[in-house]
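Here the structure comes first, spelled out in structure tokens, and everything after it is commentary.
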Amino acid sequence: MGINMWMVRAGEDAYLIENFKNDNYVAIGWEVGDISKVKSKEEVKVLVEQKCTYFSKKSQINNVAGQMNRFLFEFNKEDYVVSYDPTNRTYIVGQIKSDYEYNTELSEYYHIRRVNWLGEVRRDDLSTSTRNSLGAISTIFSINDDAAGEIIVILEGKKSPLNEVIEELNEEDLKEDMVSRAHELIKDNVIKLDWENVEKLVSGILKSMGYKTLITERGADRGKDIEASPDGMMLEEPRILAEVKHRNGQMGSKEVRSFHSVLRGRKGLYVSTGGFSKEAKYEAERSSDQLTLIDSDRLVELVIQNYDNFDVDTKLLIPLAKIYWPA
């Protein structure tokens, strides 16, 4: 017998993932009102057409109606459900514990299902085929038996593709899908680099933007600072100091405050592939100096934006091929 497992994304950039975790639910948006009394899929489609007037294309209406119908009619109690936390690079896994509910108190996503979270699975522990397929842009899609089985086995501590539901995607949606997949695949390769090569990658990005860089030894933890300036003597403005942390865990306010204390008038770049806590972000925002935090997603964006200007050594760290798309 098959395993019923669903992906439900936590909003744009997974901004609701902490709500999902803390309040034990998954949710979707698309405000069409309470649909608990709706009896048919066609009725859902009509509501989407009437209420979601910002959709200009029939394919968009069909896609949204299809995903809402799955959430309302095809999700069942005890089905497995998965959502992705990009900051921690983990998939949270649980089981559905309620019928559809319309709830306006938890977040701005009012259509919910209560969930009992069972644990987390690291993206890096999944097979390549499963990771590749998990880049689909749909808010909701069904995960096939092989991938579901793999996720459950890893969840249980033991040591596979997905069936995606992308209904009538137009060219713009397909392009977004490909971009999303590419972003995650590039991030996978960045995470695989050792700490020294991540620092070389950051240095290479700065070089591609017209700076001269110097990587200097600092501290007993083998950490390094990257100094950069237009003239290479570190005299001409803007002078930049970058710190790179290549770890699984987030950097907190203490680490950001410590870095801020050594800037001494220079611009600061704090790179953490493990991301930053909310307190760390607040600490950077209130800084009197110009201090920018760069997590793994932003690092990938910088790689893509500047790749054509990378020197040979930097390109060898992250070998990429250009794909053209019809204009």
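Here is a list of conditions, (1) surrounded by fewer than 17 Cβ atoms within 10 Å (Cβ to Cβ); (2) in contact with a Lys or Arg (Cβ under 6 Å, 6 or more places away or on another chain), and Tyr25 meets all of them except one; can you say which number that is?
Here Tyr25 clears every test but (1).
When region 264-273 is examined, which residues are found to be of a type outside the set (D, E, K, R) and either surrounded by fewer than 18 Cβ atoms within 10 Å (Cβ to Cβ) or more than 18 Å from Val202 (Cα to Cα) (or both)? Give the steps one after another, and end with the answer.
Step one: filter region 264-273 for residues of a type outside the set (D, E, K, R), giving 265, 268-273.
Result: Gly265, single match.
On the basis of being surrounded by 20 or more Cβ atoms within 10 Å (Cβ to Cβ) and farther than 16 Å from Ile140 by Cα, does Val38 make the cut? Step through it out loud before you land on a result.
Working: surrounded by 20 or more Cβ atoms within 10 Å (Cβ to Cβ): no; farther than 16 Å from Ile140 by Cα: yes.
Considered against the rule, which asks whether it is surrounded by 20 or more Cβ atoms within 10 Å (Cβ to Cβ) and farther than 16 Å from Ile140 by Cα, Val38 comes out as no.
Identify all residues within region 119-177 that are hydroxyl-bearing (Ser, Thr, Tyr), modelled with pLDDT of 80 or more and not in a helix (DSSP H, G or I); write none if there are none.
Of everything in region 119-177, those that are hydroxyl-bearing (Ser, Thr, Tyr), modelled with pLDDT of 80 or more and not in a helix (DSSP H, G or I) turn out to be Ser127, Ser138, Thr139, Ser142.
Could you please tell me which pairs satisfy a Cβ distance under 8 Å, a separation of 6+ or placement on different chains, a first residue in region 18-32 that is within 14 Å of Glu108 (Cα to Cα), and a second residue that is at pLDDT below 95 and in a strand (DSSP E or B)?
What qualifies is Ile28/Ile140.
Hey, any hits in region 57-71 for a residue that's within 29 Å of Leu118 (Cβ to Cβ), in contact with a strand residue (DSSP E or B) (Cβ under 8 Å, 6 or more places away or on another chain), hydrophobic (A, V, I, L, M, F, W, C) and not in a helix (DSSP H, G or I)?
No, region 57-71 has no match at all.
Would you check if there is a residue in region 139-149 being closer than 29 Å to Met251 by Cβ, under 21 Å from the mean Cα position of the chain (by Cα) and of a type outside the set (Asp, Glu)? Don't jump to the end; show me each part of the working.
First, the residues of region 139-149 that are closer than 29 Å to Met251 by Cβ: none.
Checking region 139-149: not a single residue is closer than 29 Å to Met251 by Cβ, under 21 Å from the mean Cα position of the chain (by Cα) and of a type outside the set (Asp, Glu).
Given Ile28, Ile96, which one is touching a His at 6+ places or on another chain (Cβ under 9 Å) and of a type outside the set (Gly, Ala, Ser)? Quick ask: steps written out before the conclusion?
Values: Ile96 fails: touching a His at 6+ places or on another chain (Cβ under 9 Å).
The unique qualifying residue is Ile28.
Residue by residue through region 282-300, note down the ones that are surrounded by fewer than 15 Cβ atoms within 10 Å (Cβ to Cβ) and not aromatic (Phe, Trp, Tyr). If you could, list the steps in order and put the result at the bottom.
Of region 282-300, the ones surrounded by fewer than 15 Cβ atoms within 10 Å (Cβ to Cβ) are 282, 285-286, 288-290, 292, 298.
Selection gives Glu285, Arg286, Ser288, Asp289, Gln290, Thr292, Arg298.
Which condition does Asp297 not pass, out of (1) more than 29 Å from Ile17 (Cβ to Cβ); (2) touching a Pro at 6+ places or on another chain (Cβ under 7 Å), if it passes all the others?
Going through the list (1) more than 29 Å from Ile17 (Cβ to Cβ); (2) touching a Pro at 6+ places or on another chain (Cβ under 7 Å), Asp297 breaks only (1).
Test Ser180 against the stated conditions and say whether it is among the hydroxyl-bearing types (Ser, Thr, Tyr) and under 29 Å from Ile323 (Cα atoms).
Details: among the hydroxyl-bearing types (Ser, Thr, Tyr): yes; under 29 Å from Ile323 (Cα atoms): yes.
Spelling it out, Ser180 is indeed among the hydroxyl-bearing types (Ser, Thr, Tyr) and under 29 Å from Ile323 (Cα atoms).
Give just the number: which of (1) surrounded by fewer than 17 Cβ atoms within 10 Å (Cβ to Cβ); (2) farther than 17 Å from Asn24 by Cβ does Ile61 not satisfy?
(1)
If you go through region 43-57 one residue at a time, do you hit one that is small (Gly, Ala, Ser), assigned by TED's automatic domain parsing to the domain that holds Asn144 and at pLDDT 90 or above?
Of region 43-57, the ones small (Gly, Ala, Ser) are 56.
Cutting the leftovers down to assigned by TED's automatic domain parsing to the domain that holds Asn144 gives us 56.
Pick out the ones that are also at pLDDT 90 or above and you get none.
No: zero hits.
Residues are listed down the side, and each one gets a yes or a no for (1) β-branched (Val, Ile, Thr); (2) in contact with a Lys or Arg (Cβ under 6 Å, 6 or more places away or on another chain):
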position: Ser36; (1), (2): no, no
position: Ser40; (1), (2): no, no
position: Leu47; (1), (2): no, no
position: Val64; (1), (2): yes, no
position: Glu78; (1), (2): no, no
position: Val82; (1), (2): yes, no
position: Thr90; (1), (2): yes, yes
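To keep it simple, each residue is scored yes or no on (1) in contact with a Cys (Cβ under 9 Å, 6 or more places away or on another chain); (2) of a type in the set (Phe, Trp, Tyr); (3) closer than 27 Å to Ser180 by Cα.
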{"site": "His246", "(1), (2), (3)": "no, no, yes"}
{"site": "Gln250", "(1), (2), (3)": "no, no, yes"}
{"site": "Lys254", "(1), (2), (3)": "no, no, no"}
{"site": "Ser258", "(1), (2), (3)": "no, no, no"}
{"site": "Gly268", "(1), (2), (3)": "no, no, no"}
{"site": "Val271", "(1), (2), (3)": "no, no, yes"}
{"site": "Asp295", "(1), (2), (3)": "no, no, yes"}
{"site": "Val303", "(1), (2), (3)": "no, no, yes"}
{"site": "Phe310", "(1), (2), (3)": "no, yes, yes"}
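The values are calculated or read from the model by the stated rules, or taken from the named source; none is laboratory data. This one's a predicted model, so the numbers in the text were calculated from it and none came from an experiment. Quick reminder, even Gly has a Cβ in these numbers, built from the backbone with ideal geometry, and neighbours come from all protein chains shown.
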